[in-house]
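Below is one structure, written out as structure tokens; comments come after it.
The values are calculated or read from the model by the stated rules, or taken from the named source; none is laboratory data. Nothing here was measured: the structure is a model prediction, and the numbers come from that model. With ideal geometry, Cβ positions are generated from the backbone for all residues, glycine too; neighbour counts draw on all protein chains shown.
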Amino acid sequence: MREDWDRRARENARYYVATGNRQWSDEEFFQSGETLMQEEVLSDLDNVCQGLDPKQMRVLEIGCGAGRVTRALANFFGQVYAVDISREMVRQARRALKTQPNARVFRNNGKDLSAIRDHWWHRFGIGRQLQFDFAFSCIVFQHIPSREIIENYVREVHRVLRPGALFKFQVQGHEHVETHMEDTWVGVPFTEDDAREMAVRCGFELRHHHGSGGQYYWLWLFKTDAAGPQA
């Protein structure tokens, strides 16, 4: 996955982040992130913030690409931590966020959040708990051809979210797509039953979902008060 996304980022990072335009200007690219933010986050603040002051919230983004949505998140929330598998995407995201010190971007290994945990423990000590108030991912898991990797991300998010918090993300919903491990463009599909069962295994409750059967299948997973996720 890293090789594929580094290659795509070198070729045309913004196009592969958002394929609606092959030649994004800065203004158009980051405005598209603000639009997505409005549609999927700002329109859903009861679930996202749950009464918290956004400027006091710490937010996690998985698969930040070139920082399109990360910048919009950082304009609204107090702290944003973002990860991406591609070194080149991370470089471009950091450049896009250079005037926003409340946003931090990390290159991860494509399967967990160890890069963020390692940074946190180095800065604050292992005894200091890393906790997020909201987690978000868009147009990322639809490209991952491994259900195990996606579920491991969900399990990892459970470990770092505060109790009751929301992980809102989007997966591939087309039930009849063909996926191959050699292809990191078409991700493994999820049905509603798949999503609900994964949520339970990982310690979440699937309260809402939208777009089942389509490319953009959105899931609202809330961290339950039950014991940790099942192995």
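Matching residues to (1) more than 15 Å from the chain's Cα centre (by Cα); (2) without any contact (Cβ under 8 Å) to a residue 60 or more places away in the chain:
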| position | (1), (2) |
| --- | --- |
| Ser43 | yes, yes |
| Asn47 | yes, no |
| Gly51 | yes, yes |
| Val69 | no, no |
| Phe76 | yes, yes |
| Ala135 | no, no |
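Every condition in (1) farther than 19 Å from Ile85 by Cβ; (2) modelled with pLDDT under 95; (3) touching a His at 6+ places or on another chain (Cβ under 8 Å) holds for His122 except the one numbered (3). The range 119-231 holds strands (runs of 3 or more DSSP E) entirely within its bounds, and those carrying 1 or more residues that are farther than 25 Å from Gln79 by Cβ map to 161-171, 204-210, 217-223.
Taken as a whole, the condition of being modelled with pLDDT of 95 or more, surrounded by fewer than 23 Cβ atoms within 10 Å (Cβ to Cβ) and closer than 20 Å to Ile139 by Cβ applies to Leu42.
Taken residue by residue, the range 65-85 has no member that is surrounded by fewer than 22 Cβ atoms within 10 Å (Cβ to Cβ), charged (D, E, K, R), under 25 Å from Leu113 (Cβ atoms) and modelled with pLDDT of 95 or more.
Residues in the range 206-224 include at least one that is closer than 29 Å to Arg128 by Cα, modelled with pLDDT under 95 and surrounded by fewer than 19 Cβ atoms within 10 Å (Cβ to Cβ).
Residues in the range 144-166 that are within 19 Å of Thr191 (Cβ to Cβ) and either surrounded by 21 or more Cβ atoms within 10 Å (Cβ to Cβ) or in contact with a helix residue (DSSP H, G or I) (Cβ under 7 Å, 6 or more places away or on another chain) (or both): Ile144, Ile150, Glu151, Tyr153, Val154.
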